[in-house]
1. Under 5 Å between amide hydrogens, which residues at least 5 positions from B:L30 or on another chain qualify, with H placed 1.01 Å from N in the peptide plane?
2. For the residue pair A:S154 and B:Y267, what label-to-label distance in nm results when each label sits 7 Å from Cα along the Cα-to-beta-carbon direction?
3. Scattering from the C-alpha atoms of the range B:2-117 alone, worked out with Debye: what is log10 I(q)/I(0) at q = 0.20 1/Å?
4. In degrees between 0 and 90, to the nearest 10, how far off the longest principal axis of chain B does helix B:265-285 point, with axes built from Cα atoms?
5. At 20 °C and 1.002 mPa s, grab the translational diffusion coefficient of chain B from Stokes-Einstein with a Kirkwood Rh over Cα pairs, rounded to a whole number in µm² per second.
6. Sketch the reach of a paramagnetic label on B:V154 as a point 7 Å from Cα along Cα-to-Cβ, and name the residues of the range B:226-256 whose backbone nitrogen lies under 19 Å away.
7. Given the protein assembly as shown, what percent of its DSSP beta bridges are antiparallel, to the nearest 5?
8. Got the relative contact order for the range B:63-173 handy, in percent, Cα pairs under 8 Å and 6 or more residues apart?
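The values are calculated or read from the model by the stated rules, or taken from the named source; none is laboratory data. This structure is a prediction, so every number in the text was calculated from the model and none was measured. Reconstructed Cβ throughout: ideal geometry from the backbone, glycine too, with neighbour counts over all protein chains shown. Just the protein is used for accessible areas: all its heavy atoms, side chains included, with ligands, DNA and RNA removed. Shrake-Rupley method; radii C 1.70, N 1.55, O 1.52, S 1.80 Å.
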Amino acid sequence: MKKAISINVNGTPHNTEVEPRMLLVHYLRDALALTGTHVGCETSLCGACTVLMDGQAVKSCTIFAVQADGSQVTTIEGLAQNGELHPVQEGFWERHGLQCGYCTPGMIIAAAQILERNPNPSQEEIRHGLEGNLCRCTGYQHIVEAVEYAAKKS
Amino acid sequence: MIPVQFDYVAPATLDEAARLLAEHQDEAKLLAGGHSLIPAMKLRLAQPSLLIDIGRIKDLAYITEEGDQIRIGAMTTHYQIEASERLKEICPLLPECAASIGDVQVRNKGTIGGSLAHADPAADWPAAILALDAEMIAVGAQGERTIRAQDFFVDMLTTSLEPNEILREIRVPQPQKNTAQAYMKVAQPASGFAVVGIAVNLTRGDDGRCQSANIGITGVAAKAYRASNVESALAGNALDEQTIAAAAAHAADGVDANSDLYASADYRRHLAEVYTRRAIQKAIAKL
Ligand SMILES: Cc1cc2nc3c(=O)[nH]c(=O)nc-3n(C[C@H](O)[C@H](O)[C@H](O)COP(=O)(O)OP(=O)(O)OC[C@H]3O[C@@H](n4cnc5c(N)ncnc54)[C@H](O)[C@@H]3O)c2cc1C
Ligand code: FES
Ligand code: FES
């Protein structure tokens with residue numbers, strides 16, 4: 001049986017009826033057409049689907065949309081404010097933190113969470129904070145530098 | 001990777017959740033953080049026809065102190081425990097264990113109650129909960145009961161919770177003065193779960209000798225266990241290198257060790273010994 005849910009995504013409220021088995025990532029991509037959040041592994045391991053739910057970085061492939069009823073979700077599409085890139089987005093741009101870009105939306109959300117909890121992280125703390133996000137291209141070095149750039153910037 | 005269809009309810013109170021669970025216990029499952037259950041449902045290893053989401057019950061996520069006990073609500077996330085400044089001060093084993101679980105996203109959503117109730121043989125919490133000699137408070141249709149950690153873990157993925165019981169709270173005795181604690185694990189590099197995980201909770205007397213030692217070990221066997229031969233080899237003795245090394249040699253005594261692609265039973269037993277030694281040393285270095 002479908003359930004009525006109401007989720008605020010990137011500042012916009014959405015009221016939708018969903019099957020309880022619909023994953024949050026499919027809700028964002030298929031119901032709201034917010035395809036910036038990627039599906040990589042579907043098995044809770046790669047972090048490509050990371051979004052902020054009530055300020056916490058979570059893997060949206062491991063949450064049912066019904067669990068997010070009443071919550072505030074921020075996806076990569078909602079990170080820039082008034083046309084200004086989020087410092088982490090700018091860092092990825094300036095420090096070349098991506099190659100194919102598949103992992104990038106999840107990386108950026110996870111990095112935003114690191115800086116929110118610890119504005120001045122060491123390299124080690126950045127790497128530890130990105131443990132839940134896999135990148136098959138960059139070798140991570142530029143990603144870490146992008147986060148350091150963002151920390152200096154904000 | 002889509003689960004079979006199911007119905008979903010999110011009761012507002014624990015009583016309501018207990019009533020629903022009692023009524024539907026054969027086909028229903030409780031949903032806490034979902035970070036063990038949802039992966040299993042996606043693989044269709046679990047196919048409950050009803051999910052009872054306990055994530056919307058008020059006041060199931062907390063860390064408080066009551067008399068000489070620390071009380072932790074079942075829905076408290078790994079991250080909330082990891083980030084608790086008070087726990088770092090009074091019972092560092094809890095935040096250390098929490099910080100070793102999975103990754104940031106998993107710790108933001110997964111709960112201590114869900115992990116304990118799931119009783120994965122490679123989960124981290126069972127080792128700490130055993131070493132702390134904690135008590136579990138379970139609520140069922142017949143009311144509430146207390147289960148000691150020693151009696152809680154029954155077998156792989158099996159606890160002594162009845163099918164109609166909900167784990168509500170975990171109670172940890174406040175560590176006394178001169179208590180040394182540490183958690184160390186060898187993480188499976190792909191999953192992050194414990195190949196072995198060692199939780200140490202010991203007290204040193206004024207004479208410098210070990211007064212009591214509790215060692216909880218996870219990852220090695222079908223269920224986490226107290227390494228009682230290590231504990232008795234430490235108790236009453238000086239905490240010097242030789243005593244610790246000799247005690248640690250008993251880390252897997254009498255244990256039927258797991259074997260998988262990543263670690264054979266022999267290798268697990270070896271890791272249990274080495275990491276028991278290191279974890280005890282790490283703990284007493286903090287005294
Ligand atoms: C990528 C990844 C890596 C992980 N790495 C680790 C790791 O390194 N170490 C580790 O220990 N764990 C790890 N986990 C597991 C994680 O810690 C889970 O959060 C935890 O095992 C289950 O807690 P949950 O709140 O998510 O429970 P759920 O998945 O919601 O529930 C698990 C089971 O317990 C039952 N249940 C839940 N709450 C209660 C309750 N209060 N009373 C009675 N029954 C209940 C449910 O019905 C279900 O059967 C990992 C998970 C993932 C996805
Ligand atoms: S798609 Fe969610 S963790 Fe990989
Ligand atoms: S940039 Fe390609 S996966 Fe990270």
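1. It is B:I52, by chain and number.
2. Each label point is offset 7 Å from its Cα along the Cβ direction, giving 4.0 nm.
3. Rounded to two decimals, the profile gives -1.08.
4. Rounded to the nearest ten degrees, it is 70.
5. Values: Rh = 19.3 Å.
In µm²/s, the coefficient is 111.
6. Residues passing the 19 Å test: B:226.
7. On the way: 58 of 67 bridges.
Close to 85 percent.
8. 29 percent
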